[in-house]
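The values are calculated or read from the model by the stated rules, or taken from the named source; none is laboratory data. Remember, predicted model here, so these are calculated numbers, not experimental data. Here the Cβ positions follow ideal geometry from the backbone for every residue, glycine too, while neighbour counts run over all protein chains shown. Calculation scope for accessible area: heavy atoms of the full protein, side chains included, ligands and nucleic acids excluded. Shrake-Rupley method; radii C 1.70, N 1.55, O 1.52, S 1.80 Å.
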Amino acid sequence: WRPLVAAARVGLAPGGLLAVAQATRANLARHPRPGPRYLLDEGELADRARAAGLEILHDREGWTPAGRHEAHLIARQP
């Protein structure tokens, strides 16, 4: 659910951390599911975290050993 990143910021205490792992559209190259509406675009997770005012500590996208293409993010509430 795309608004979740901004909503999560409201619940974070100062210095609180948000960790997210979510499949991206590149995942469709190997897997038909989940469908495109449930997948993130390239760079979207970090862009949404920045737009919410979070400090990005870790941002990576790529294939996991399990064969899924995922975006991983760790961000901190200032």
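Considering every residue within the range 59-73, establish whether at least one is β-branched (Val, Ile, Thr) and outside any loop (DSSP other than H, G, I, E, B). Within the range 59-73, none of the residues are β-branched (Val, Ile, Thr) and outside any loop (DSSP other than H, G, I, E, B). Arg2 meets all of the listed conditions (1) open to solvent by 30 Å² or more (accessible area, probe 1.4 Å); (2) within 10 Å of the chain's Cα centre (by Cα); (3) within 13 Å of His72 (Cβ to Cβ) but one, namely (3). Scanning the range 19-42 for residues that are touching a residue at least 24 places away in the same chain (Cβ under 8 Å) and outside any helix (DSSP H, G or I) yields Ala19, Val20, Ala21, Gln22, Ala23, Thr24, Arg30, His31, Leu40.
Here is the figure for the range 11-58: residues that are hydroxyl-bearing (Ser, Thr, Tyr) and either open to solvent by 30 Å² or more (accessible area, probe 1.4 Å) or more than 18 Å from Ile74 (Cβ to Cβ) (or both) total 1.
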